[in-house]
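Enquirer: I am attaching a structure below and will ask some questions about it afterwards.
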Amino acid sequence: MTTDPALAAMLQATATDTPRRYVITGGPSSGKDDLIEAVHDAGIPCMVQEPGREIYRKHRERLGRHLLKEDRRAYSLEVLEAFITEYTAHTGGVRFYNRGIPDGYGWEGFFGLRPAEQLEEASRRYRYDTIFVLDPLDTFEDPDDIVWAKDREIRRVHELIVQGYYDAGYEPVFVAPDSAGNRLDFICANLRLPKPGQGG
Amino acid sequence: MPRKSPVEEEVVAAVRRLLRPGLPVTPGSADKALLDLRGVLARAIDPTDEASRVTALDGTLRGLLARFPDTRYAAAARALFGLPPADGGQNLTTRRILAAEQAGHEVHHFRKRVEPKLVETIAWELLADADRFTRSAVIAPRLAPTTERSPIQADPFAWEVTEHEEQLSRLWSAIYAARAELLAVERLVSLRADRRDILHTSVTAAWRWAAARAEAISYTDAFHPGQYSSTEELVALAGWTPTLTSAQVSRLTEAASGGVSREQFVSALHDEIELGNAWAHGFSAGPAPARQAPDEENGLPS
């Protein structure tokens, strides 16, 4: 249940209106999980869990080894399918998404794959209203100002996700590093939704 | 492989030239200095295609301008390059007036004093972005003493990045193990050590080298080409090895795959007389080649 009556009333009143879909995305270490939890706590309809994780686990389990180049395409298409299902299942009112279809560009770019035709087609067909990119919480720098290989890669993932949304024709809104509550307030203000009032 | 770093002045000049047309970047408005930036190449769907790089540059600039570091001048910088609060299609003069207004400066002062600094900031941001895409190719990952546990985020990207680091660590550990044994053989040859010792060490070197090659194949199969190097370039880092035919190299690699012990490796190659001789003779061949004892000419000696 939402903690804010004005927000609850607005969500209820618009529940049968034209669907409004908002994506929350960003690389690892961007604080996405905490924000998604805050969205749930505020009672705003939201995708429960990023489907990519479970699909990834299943692929690993089935293969019994790490993913190879050819496996990644199959994985990516299965994740796309899950995103499309999630997208089309929503028929009215506000809904937040834990990553969106164009995240696939970032994934495929990270592994040097060309975007699959299915991804291109889905990105054209299934459009979101606003994309919120969470900037990383970590600076990925150690006290000696050296950025290590793994952290560089994590940063690269983030930038490739952002580029994926530009490639798909979006102008993402960047959400600065902050507490999950403050970030949600910022997002709600941007969407002209009443703030859940849990910032801090 | 690492690319030559872009020259800062060139990037500054290229960003300055981009001011007139503004965003979106078009093939005609993009300088090579910008299209060659590592961050742009890395984001391009097809780095060999100019149109793809132009799109990537456009996205990179939009992302940087959306997160312009100096909040006082953020709106001015965006307007100057044609992003909101400017409207699409406005010429530079109009955009400049708007940008000056956003920054709270008189236009002439803005153009002379502020604008060059904004251009420079964007150029620096582009260079910093390019630096984040630097590939530390063909050097072992740097390690630092760790005193705290660093849990991995529950995220497929984070899992893959970690998997990559795991594979990379395995790869480099195999390459260094092979290097150590190849160096040991050369040291023993130089010392004119006992021939049996040299042969024993050269077999260990063969095992380690072949294991490193198997690891390199596994790495390049799993991760996209160009991430580090080709299999052969990677194993070449371990050091010089005797010349073998490709069939012999394959046989050696096959025998060392799957983390087998030295004993298992030797046993798998017991009947490979020609291969054993080619490897062992390769080390002994030189200014003063030594003849191999007849009892050692029976596959790989143990």
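Enquirer: Provide, for q = 0.18 Å⁻¹, the log10 of I(q)/I(0) from a solvent-free Debye sum over equal Cα point scatterers in the range B:201-286.
Expert: -0.76
Enquirer: Using a 10 Å cut-off around each Cβ of peptide B:37-43, what is the average number of partner chain Cβ atoms that fall inside?
Expert: Averaged over the peptide's residues, the number is 3.
Enquirer: Keeping to pairs on different chains or 8 or more places apart, tell me how many lysine pairs in chain A have Cα atoms under 24 Å apart.
Expert: Number of lysine pairs found: 5.
Enquirer: Taking +1 at the Cβ of each Lys and Arg and -1 at the Cβ of each Asp and Glu, which of B:T253, B:L191, A:M10 sits farthest along the dipole of the protein assembly as shown towards its positive end, judged by Cα position relative to the Cα centre?
Expert: The Cα lying farthest towards the positive end belongs to A:M10.
Enquirer: Work out the length of the dipole vector of the range B:162-285 about its Cα centre, built from +1 on the beta-carbon of each Lys and Arg and -1 on the beta-carbon of each Asp and Glu, and round it to the nearest 20 debye.
Expert: 460
Enquirer: Helix-only mean residue ellipticity at 222 nm, chain A, DSSP H runs n ≥ 4 weighted -39,500 (n - 2.57), per residue, nearest 500. What is it?
Expert: My calculation for chain A gives -15500 deg cm²/dmol from helical runs alone.
Enquirer: Buried accessible area for the A:B pair, summed, 1.4 Å probe, in Å² rounded to 100?
Expert: Buried surface at the A/B interface: approximately 4000 Å².
Enquirer: Another question, then. For the charge dipole of the range B:142-198, defined by +1 on Lys and Arg C-beta atoms and -1 on Asp and Glu C-beta atoms about the Cα centroid, which residue among B:I175, B:V161, B:T146 has the Cα displaced farthest towards the positive pole?
Expert: Towards the positive end, the residue furthest out is B:I175.
Enquirer: With every protein chain kept in place and ligands, DNA and RNA left out, what is the accessible area per residue of chain B? Probe 1.4 Å, answer in Å².
Expert: 50
Enquirer: Over chain B, what relative contact order in percent results from Cα pairs under 8 Å that are six or more residues apart?
Expert: Relative contact order, chain B: 14 percent.
Enquirer: For chain A, what is the accessible area per residue in Å², given a 1.4 Å probe and the full set of protein chains?
Expert: Heavy-atom SASA per residue in chain A reads 43 Å².
Enquirer: Can you work out the base-10 log of I(q)/I(0) for the range A:1-72 at q = 0.11, 0.18, 0.26 1/Å, using the Debye formula on its C-alpha atoms alone?
Expert: So the normalised log intensities work out to -0.45, -0.85, -1.20.
Enquirer: For chain B, what does the helix formula give at 222 nm: sum of -39500 (n - 2.57) over DSSP H segments with n ≥ 4, over the residue count, nearest 500 deg cm²/dmol?
Expert: So the calculated ellipticity at 222 nm is -19000 deg cm²/dmol.
Enquirer: Using a basic spin-label model with each label point 7 Å from the Cα along Cα→Cβ, how many nm lie between B:A285 and A:Q118?
Expert: Label at B:A285, label at A:Q118, 5.3 nm between them.
Enquirer: What whole-number volume per residue, in cubic angstrom, does the convex hull of the C-alpha atoms of the range B:8-133 give?
Expert: For the range B:8-133, the hull spanned by Cα atoms encloses 88 Å³ per residue.
Enquirer: Which three semi-axes in whole Å describe the equivalent ellipsoid of the protein assembly as shown, each the square root of 5 times a Cα gyration tensor eigenvalue, listed largest first?
Expert: Over the Cα atoms of the protein assembly as shown, the semi-axes work out to 53, 29, 19 Å.
Enquirer: Let me ask something else about it. For A:R20, which sequence-distant residues (separation of 5 or more, or a different chain) have an amide H within less than 5 Å of its own amide H, given hydrogens modelled in the peptide plane?
Expert: Here the answer is A:G93, A:V94, A:R95, since their amide H atoms fall under 5 Å of that of A:R20.
Enquirer: Ordered by residue, what ³J(HN,Hα) values in Hz, to whole numbers, does the range A:27-41 give under the Karplus form 6.51 cos²θ - 1.76 cosθ + 1.60, where θ = phi - 60° and Gly and Pro are x?
Expert: Couplings: x, x, 6, 9, x, 5, 4, 5, 5, 4, 4, 5, 5, 4, 4 Hz.
Enquirer: Quick one: which bits of the range B:154-191 get at least 30 Å² less accessible when the partner protein chains are in, versus the chain alone, with a 1.4 Å probe?
Expert: Buried by the other chains: B:A154, B:D155, B:P156, B:F157, B:W159, B:E160, B:V161, B:E163, B:E165.
Enquirer: In angstroms, what radius of gyration and Dmax does the range B:56-101 have, counting Cα atoms only?
Expert: Final numbers for Rg and Dmax: 10.1, 30 Å.
Enquirer: What's the FRET efficiency of B:I217 with A:V173 using the Cβ-Cβ distance as r and R₀ = 41 Å, to the nearest 0.05?
Expert: Once the sixth-power term is evaluated, E becomes 0.40.
Enquirer: Using only atoms on other chains, find how many Cβ atoms lie within 10 Å of each Cβ of peptide B:214-223 and report the average.
Expert: Mean partner-chain Cβ count within 10 Å for B:214-223: 2.
Enquirer: I've got another one for you. With +1 on each Lys and Arg Cβ and -1 on each Asp and Glu Cβ, how big is the dipole of chain A about its Cα centre, in debye rounded to the nearest 20?
Expert: 640
Enquirer: Quick check: convex hull over the Cα atoms of the range B:153-221, volume per residue in Å³, rounded to an integer?
Expert: Output value, Cα hull per residue: 69 Å³.
Enquirer: Still on this model: Taking amide hydrogens as modeled 1.01 Å from N in the peptide plane, which residues meet the under 5 Å criterion relative to A:L137, leaving out close sequence neighbours?
Expert: A:S30, A:G31
Enquirer: While we're here: For chain A, what are Rg and Dmax over the alpha carbons, in angstrom?
Expert: 17.4, 54
Enquirer: Given the range B:74-134, what whole percent of its Cα pairs are spread farther than 13 Å?
Expert: Tail fraction, whole percent: 60.
Enquirer: Where does the range A:35-147 land on Rg/Rh, using Cα atoms and the Kirkwood Rh?
Expert: Rg divided by Rh gives 1.01.
Enquirer: Same structure, new question: Once you place label points 7 Å from the Cα toward the Cβ at A:R192 and B:T162, how far apart are they in nm?
Expert: Reported label-point gap for A:R192 and B:T162 is 4.3 nm.
Enquirer: Okay, next question. Which value, in debye to the nearest 20, gives the size of the charge dipole of the protein assembly as shown about its Cα centre, when Lys and Arg are +1 and Asp and Glu are -1 at the Cβ?
Expert: Once rounded to the nearest 20, the dipole reads 1020 debye.
Enquirer: At 20 °C and 1.002 mPa s, grab the translational diffusion coefficient of chain B from Stokes-Einstein with a Kirkwood Rh over Cα pairs, rounded to a whole number in µm² per second.
Expert: After rounding, the answer is 91 µm²/s.
Enquirer: Also, I was wondering about something else. Across the range B:266-281, in residue order, what do the Karplus-derived ³J(HN,Hα) couplings come to in whole Hz, using 6.51 cos²θ - 1.76 cosθ + 1.60 with θ = phi - 60° and x for Gly and Pro?
Expert: Couplings: 4, 5, 5, 9, 4, 8, 8, 4, 4, 5, x, 5, 4, 5, 5, 5 Hz.
Enquirer: I've got another one for you. In peptide A:58-67, how many Cβ atoms from other protein chains are near each Cβ within 10 Å, on average?
Expert: That average works out to 2.
The values are calculated or read from the model by the stated rules, or taken from the named source; none is laboratory data. None of these values were measured; they are calculated from a predicted model. A quick note on method: Cβ atoms are made from the backbone with ideal geometry, for glycine too, and the neighbour counts reach across all protein chains shown. Calculation scope for accessible area: heavy atoms of the full protein, side chains included, ligands and nucleic acids excluded. Shrake-Rupley method; radii C 1.70, N 1.55, O 1.52, S 1.80 Å.
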